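Read-outs throughout are calculated quantities, based only on the coordinates presented, and are distinct from any laboratory measurement. No experiment lies behind these values; they were computed from the predicted model shown. Methodologically, a virtual Cβ is constructed for each residue, glycine included, from the backbone with ideal geometry; neighbour enumeration extends over all protein chains shown.
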Amino acid sequence: MTVAMRLAAASFAITLAGCGKPDVSHDNVTAQATQAAPAWAPTPVQLRAADGVTVFGTYYNTTRPKALILLFHQAGSSKDEYATIAPRLTAEGYNALAIDQRSGGSLFGRNETAANAPHKPGESEDAGYPAAEADLKAALAWGVQQKLPIILWGSSYSAALVFDVAAQNPGKVKALLAFSPGEYMPDKHFVGHAASALTIPVFVDSAANTDEIEAAKTIADAVPGGRATQYVPAAGVHGSSTLITAKNPRGADANWQAVLAFLKKVAP
């Protein structure tokens, strides 16, 4: 056998030995990673409030969702308050929409709604808490079009507003979660009045301090029929940040368990 023939035979043997082995080329690994990419890759959305203001949001979706959770941020904040929370929700089977409200700021990231909403030169971009309710209502209107059960989720001042939005829209909201709610509006009976009209399950959370716990209890007690669950964390911080490990390293995991238990009860 010539040298050329021996080389050809060796090459053929190597080819046979390689049959049946997985292709671990860079391109194949990339393709596998793409196929395994999480369903909750965020998608930018824009909504239109009733007064014409453009509301910017991020939509996280999964396959076969159990419900749609509308996520509203705290004062000085933005939709990025939910950058780590929304993916956890979608991993549990819930679609989620986080919006920038016109009352907010750059606590977690740029608030596009506040930055782009009409305001006079020299005036603050923040339109104030009551004005932001129009943005929550725009999110609800968009949510209704998705044909999924809707759950409202508020953080701090928006945890006050979600009670009024739910009360004004009977039959459209399946449940409500309020993180550090309080009577933050000019009318100091605003939340209690709305809570008293609700006929849906409510989850009320607070930071682990006396003032917030008492404020949460007052609001939870206003919900008729024992439909409100007040969760008092062993370690909790203000608003939805109580679920962010970087903000609440001692309590985030336990607080998540309480939230997920409620969600599994209202939207299994």
Using alpha carbon coordinates only, what is the Rg to Rh ratio of the stretch 58-122, with Rh defined as the Kirkwood radius? 1.08
Which pairs in the list 137/264; 66/188; 79/147; 147/188 are over 29 Å apart, alpha-carbon to alpha-carbon? 66/188; 147/188
Based on alpha-carbon centroids, what's the gap between the stretch 99-124 and the stretch 196-268 in Å, whole number please? 27
By average Cβ neighbour count within 10 Å, what is the ranking of 192-198, 85-91 from highest down? 85-91, 192-198
Rounded to the nearest 0.05, what FRET efficiency do residue 64 and residue 141 have when you use their Cβ-Cβ distance and R0 = 25 Å? 0.55
May I ask for the distance between the Cα centers of the stretch 64-82 and the stretch 138-154, given as a whole number of Å? 11
Could you check the simple spin-label distance between residue 221 and residue 115, using points 7 Å along Cα→Cβ, in nm with one decimal? 4.4
Rg and Dmax of the stretch 103-181 over Cα atoms: what are they, in angstrom? 13.7, 42
Using the Cα gyration tensor of the stretch 91-138, the equivalent ellipsoid's semi-axes, largest first and to the nearest Å, work out to 24, 13, 8
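Quick one: net charge around residue 200, please, counting Lys, Arg +1 and Asp, Glu -1 for every other residue with C-beta under 15 Å from its C-beta.
So the surrounding residues net to +3.
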Taking just the alpha carbons, could you work out the radius of gyration and Dmax for the stretch 40-266, both in angstroms? 16.0, 49
What is the sum of charges, Lys and Arg at +1 and Asp and Glu at -1, for the other residues whose Cβ falls under 15 Å from the Cβ of residue 229? +3
So how far apart, in nm, are the two label points at residue 214 and residue 234 if each is 7 Å from Cα heading toward Cβ? 2.6
